[in-house]
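Novice: My structure is below; once you've seen it, I'll send some questions.
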Amino acid sequence: GGSGRPPPLLAPSLFAAELETKSFTNGKQDRPLLIAQYEAVFNEQFRKATWLKYRGLCWGDAEAAQLAEVISSGAAPQLESLYMHYNSIGNEGCKALAAAIGKAPRLKLLDLQRNQIGDEG
């Protein structure tokens with residue numbers, strides 16, 4: 001969108017779906033190549049991450065839920081710290097993250113300070 005805030009990282013399946021909405025000069029060959037390259041880099045790099053920092057990005061519930069989907073996929077097994085302070089995450093985003101953290105068995109720190117989470121979250 002045109003919000004000016006950086007989007008969360010897309011899981012490879014979501015990246016592939018997003019690419020389907022784009023046109024390429026040589027889409028028949030380029031699209032599968034891009035999908036394969038993205039998935040290889042995503043799997044190699046994201047699986048190694050021990051910390052992720054998404055501070056002050058103006059993320060709301062939608063972005064938190066998108067990141068939660070990536071974490072729920074088991075894509076970050078080494079993740080120990082997740083910094084998401086100074087955003088606009090509310091109850092729904094917090095619930096999505098809470099449901100996802102079981103797929104991050106090493107997670108010790110989830111920083112959600114300075115968001116818009118109420119008692120329900």
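The values are calculated or read from the model by the stated rules, or taken from the named source; none is laboratory data. Every value quoted in this text rests on a predicted model; they were computed, and no experiment measured them. Virtual Cβ from ideal backbone geometry, glycine too; neighbours counted across all protein chains shown. The accessibility values were calculated without ligands, DNA or RNA, using every heavy atom of the protein model including side chains. Shrake-Rupley method; radii C 1.70, N 1.55, O 1.52, S 1.80 Å.
Novice: Of everything in region 10-28, what is crowded, with 17+ Cβ neighbours inside 10 Å and either touching a strand residue (DSSP E or B) at 6+ places or on another chain (Cβ under 9 Å) or among the hydrophobic types (A, V, I, L, M, F, W, C) (or both)? Give them in sequence order.
Specialist: L10, A11, A16, L19
Novice: Same structure, new question: Report whether or not S72 is at pLDDT below 95 and of a type outside the set (K, R).
Specialist: yes
Novice: If you go through region 3-46, how many residues are part of a helix (DSSP H, G or I) and under 17 Å from P77 (Cα atoms)? Please lay out each step first, then the result.
Specialist: Of the residues in region 3-46, the ones part of a helix (DSSP H, G or I) are 12-19, 27-46.
Then keep just the ones that are under 17 Å from P77 (Cα atoms); that gives 12, 39-46.
Selection size over region 3-46: 9.
Novice: Looking at L82, is it in a strand (DSSP E or B) and closer than 14 Å to P8 by Cβ?
Specialist: Values: in a strand (DSSP E or B): yes; closer than 14 Å to P8 by Cβ: yes.
Taking the combined requirement at face value, the residue satisfies it.
Novice: Considering only residues of region 29-47 that are in contact (Cβ under 8 Å) with a residue 24 or more places away in the chain and either over 23 Å from H85 (Cβ atoms) or β-branched (V, I, T) (or both), which is most open to solvent (accessible area, probe 1.4 Å)?
Specialist: R47
Novice: If you don't mind, another one. Just to be sure I understand the filter: pairs with C-beta atoms under 6 Å, separated by 6 or more residues or on different chains, first member in region 100-121 and under 16 Å from K53 (Cβ atoms) and among the charged types (D, E, K, R), second member assigned to a strand (DSSP E or B) and open to solvent by 60 Å² or more (accessible area, probe 1.4 Å). Which pairs pass?
Specialist: D111/Y83
Novice: Checking the structure you have, find out if any residue of region 89-98 is at pLDDT below 95 and either part of a loop (DSSP other than H, G, I, E, B) or within 21 Å of R5 (Cβ to Cβ) (or both).
Specialist: The answer is no; no qualifying residue exists.
Novice: Next up: So which of G74, G56 ends up being part of a loop (DSSP other than H, G, I, E, B), touching a residue at least 12 places away in the same chain (Cβ under 8 Å), in contact with a His (Cβ under 9 Å, 6 or more places away or on another chain) and more than 16 Å from L109 (Cβ to Cβ)?
Specialist: Working: G74 fails: in contact with a His (Cβ under 9 Å, 6 or more places away or on another chain).
From the options G74, G56, the qualifying one is G56.
Novice: Within region 80-121, how many residues are within 15 Å of Q66 (Cβ to Cβ), among the hydrophobic types (A, V, I, L, M, F, W, C) and crowded, with 17+ Cβ neighbours inside 10 Å?
Specialist: 7
Novice: Exactly one condition in (1) more than 21 Å from P12 (Cβ to Cβ); (2) open to solvent by less than 20 Å² (accessible area, probe 1.4 Å); (3) touching a Gly at 6+ places or on another chain (Cβ under 6 Å) is not met by G60; state its number.
Specialist: (3)
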